[in-house]
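Shown next, in structure tokens, is the structure this report addresses.
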Amino acid sequence: MKKSPAPSFSANKSRRSLKEYAVISAKGFCMGAADVVPGVSGGTMAFILGIYRELLDSIRSFDAPLLGLVLKRRFGEALQRARWEFLLALGMGIIAAILTLAKGISWMLANQPVLIWSFFFGLVLSSAYTVSRHLEKMTPSLVLFLVGGGVFTFFLVGMVPAQTPETWWFLFASGALAICAMILPGISGSFILVLLGKYEFILNAVNQRDILTIVFVGAGAAVGIVSFVRVLSWLFSRWHDIIIAVLTGFMLGSLRRVWPWKDGNGGNLLPASLDAEFFSAAGLMLLGIALVLALTWAEGRKNRVDFSD
């Protein structure tokens, strides 16, 4: 099926109503809920909710010319250049999700891991299908890129978390790497922090208001995301289908991490029996699949994500 090109992004700069900004905040809430869990990507949610292109372009608006306007104290022009309204609305939703859902999701992960991971498994599985629909045509070469992305992520999520230093430069690097992963559909920024041995350390720093640690991580995240979105947008504009194939592979490979049934060492198992927990897990898995498909249908995501200007 031939997909028509997406409309120019310039139309998104027009002023929105409060209701439209509330919708953006709701989408940010979905992203934040995904980002809380190691193994689930907020970038995936942005993609299926139809805001991925605008997210990247909004971040890209914070560039050198904007900094020049700020240094010259031309704040009005700086505000006109920056796409801060979208990021503010989205950020409010993300923060609200982290503040309201983090404890509940942590409780579920500790007390009902099979049920919560079943729901996330359904989310990621259907997200891979949704993202793959942005391909014009699946060719043998794209299959190779998809398989390569899947194999890479499959082994990445199977890695054992490392023991790493708590120095300022490593916290800065951790923030930069995590935010780059977070913006990519299929790779979880939280899980990157787990691999770097800094997930619980940074989470404790937030809970204990360790300002110095938060500043180092936040500075790394700011530098990482401003730099990485330019690279990502450039890749999309030149090799759109290849990047989509690789991202689809990332999502399929990450299913290893979110498989619900685990042994004591974190290895994957088949369900022990067809009991009440199994049917509850299967129901939640189907709910996750249905939710993504419903969101995709509601957004009318029939057009490919177009990064040409």
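Observations on the model:
- Prolate is the label for the range 106-150. Its Cα gyration tensor axes, ordered a ≥ b ≥ c, give a/c of at least 1.5 and a/b above b/c.
- Globularity index of the range 193-309, i.e. its alpha-carbon radius of gyration over 2.2 N^0.38 Å: 1.47
- List GLU200, GLU54, ordered by accessible area with a 1.4 Å probe, largest first: GLU200, GLU54
- Prolate/oblate/rounded label for the range 114-228 (Cα gyration tensor, a/c 1.5): prolate
- Debye, to nearest 20: dipole size of the range 103-257, +1 on Lys, Arg Cβ, -1 on Asp, Glu Cβ: 200
- Dipole magnitude for the chain: computed about the Cα centre from +1 point charges on Lys and Arg Cβ and -1 point charges on Asp and Glu Cβ, it is near 960 debye.
- Positive-end extreme of charge dipole, the chain - chosen from PRO165, ALA298, SER280 (charges on Cβ): ALA298
- Taking a straight line from the alpha carbon of LYS19, these aspartates and glutamates sit under 19 Å away, with near neighbours fewer than eight places off in the same chain left out: GLU54, GLU85, GLU299.
- Calculated over the range 210-255: convex hull of Cα atoms, volume per residue (Å³): 66
- Sum of -39500 (n - 2.57) over DSSP H runs of 4+, divided by residues of the chain (222 nm, nearest 500): -23500 deg cm²/dmol
- Cα-centre dipole for the range 47-180 with unit charges at Cβ (Lys and Arg positive, Asp and Glu negative), debye to 20: 260
- Under the Karplus curve 6.51 cos²θ - 1.76 cosθ + 1.60, θ = phi - 60°, whole-Hz ³J(HN,Hα) for the range 187-199, x wherever Gly or Pro sits: 10, 8, x, 4, 5, 4, 5, 4, 4, 7, x, 10, 5
- Taking θ as phi - 60° and the Karplus parameters 6.51, -1.76 and 1.60, the scalar couplings of the range 83-92 work out to 9, 6, 4, 4, 5, 5, 4, 5, x, 4 Hz in sequence order, x denoting glycine and proline.
- In this calculation the C-beta distance from ALA64 to SER273 is compared with R0 = 51 Å, giving a FRET efficiency of 0.25.
- Prolate/oblate/rounded label for the range 146-185 (Cα gyration tensor, a/c 1.5): oblate
- Equivalent ellipsoid dimensions for the range 33-125 as semi-axes, Å, which come from the Cα gyration tensor, largest first: 36, 14, 9
- Between the listed residues TRP239, GLY249, VAL151, the Cα displaced farthest toward the positive end of the dipole of the chain, a dipole computed from Cβ unit charges relative to the Cα centre, is found at TRP239.
- Note, ³J(HN,Hα) from phi for the range 96-102, Karplus 6.51, -1.76, 1.60, rounded to Hz, x at Gly and Pro: 4, 5, 4, 5, 8, 9, 4
- Amide H contacts of LYS262 (H built 1.01 Å from N, in plane; Pro and chain starts excluded): LEU269 sit under 5 Å, all sequence-distant by 5 or more or on other chains.
- Kirkwood-based shape ratio for the chain, expressed as Rg/Rh from alpha carbons: 0.96
The values are calculated or read from the model by the stated rules, or taken from the named source; none is laboratory data. No experiment lies behind these values; they were computed from the predicted model shown. Neighbour counts are summed over all protein chains in view; Cβ atoms, including those assigned to glycine, are modelled from backbone coordinates with ideal geometry. These area figures cover heavy atoms from the full protein model, side chains too; ligands, DNA and RNA do not enter into them. Shrake-Rupley method; radii C 1.70, N 1.55, O 1.52, S 1.80 Å.
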